[in-house]
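Student: First the structure, which I've put down as structure tokens, then a few questions once you've had a look.
The values are calculated or read from the model by the stated rules, or taken from the named source; none is laboratory data. Computed from a prediction, not measured in an experiment: that's the story for all the values here. FYI the Cβ positions are ideal-geometry reconstructions off the backbone, even for glycines, and counts take in every protein chain you see. In case anyone asks, the SASA skips ligands and DNA or RNA and just uses the protein heavy atoms, side chains included. Shrake-Rupley method; radii C 1.70, N 1.55, O 1.52, S 1.80 Å.
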Amino acid sequence: MDMKTRVSEALKTAMREKAADRLSTLRLINAAIKDREIAQRADDGAEAGVGDAEVLAILGKMVKQRQESARAYEEGGRLELAEKEREEIGVIEEFLPRQLTEDEVNAAVDKAVAETGASSIRDMGKVMGALKGRYTGQMDFGAVGPMVKARLG
């Protein structure tokens, strides 16, 4: 079952169960996917749709946004709003693959450097492209970038 279908099925289940908070988050996910599809149609005019890799990227971005919001709410003393953001993160993460451990990330970076034949900082784009192609949604690329840079630098 593709990611869009999984989200749609979860949305229907949440409606049946009258789970308002979960339903709200699932609708946000669905809206983000539809926005991406509309943007694609405007760009190429094709009806190709959004693939699983793009849905994973959308979900990863949504989690990151909510983490930043929760942090800001906590700093502002708005703990109830921070908790709501964390609940949304929990719903979104149900659709994301398991996050890699630090050791697994290191091994993946080593493997990508070896596979691409990267030898200098100029090859960083190739390494990051290989990692994104294989591990979208499983690692934080903002944290991986400096690791790759350190290995190549």
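Student: If each of GLN99 and SER24 carries a label point 7 Å out from its Cα toward its Cβ, how far apart are those two points in nm?
Tutor: So the two model labels end up 2.4 nm from each other.
Student: Could you check the simple spin-label distance between GLU17 and ALA143, using points 7 Å along Cα→Cβ, in nm with one decimal?
Tutor: It works out to 2.9 nm between the two label points.
Student: Where the accessible area of the chain is counted over protein heavy atoms with a 1.4 Å probe, how much of it, in %, is carbon and sulfur? Write down the numbers at each step before the final one.
Tutor: Working: 4630 of 9160 Å².
After summing per-atom areas, the C and S share lands at 51 percent.
Student: Accessible area per residue of the chain at 1.4 Å probe, in Å²? Write down the numbers at each step before the final one.
Tutor: Values: 9160 Å² over 153 residues.
Heavy-atom SASA per residue in the chain reads 60 Å².
Student: Let me know the number of lysine pairs in the stretch 84-153 closer than 19 Å at the Cα, not counting same-chain pairs under 8 apart. Please report the intermediate quantities before stating the final value.
Tutor: Working: LYS111/LYS126; LYS111/LYS132; LYS111/LYS149; LYS126/LYS149; LYS132/LYS149.
Pairs that pass both the separation and distance tests number 5.
Student: Separation of the stretch 99-139 and the stretch 2-46 by C-alpha centroid, Å?
Tutor: The two parts, judged by their Cα centres, are 30 Å apart.
Student: Report, in order of residue number, the helices in the chain meeting two criteria: a C-alpha extent of 27 Å or more along the helix axis, and a mean Kyte-Doolittle hydropathy of at least -1.0; treat each whole DSSP H run as one helix. Numbers along the way, then the final one.
Tutor: Working: long enough: 20-44 (36 Å, -0.56); 52-75 (35 Å, -0.59).
Span-like helices here: 20-44, 52-75.
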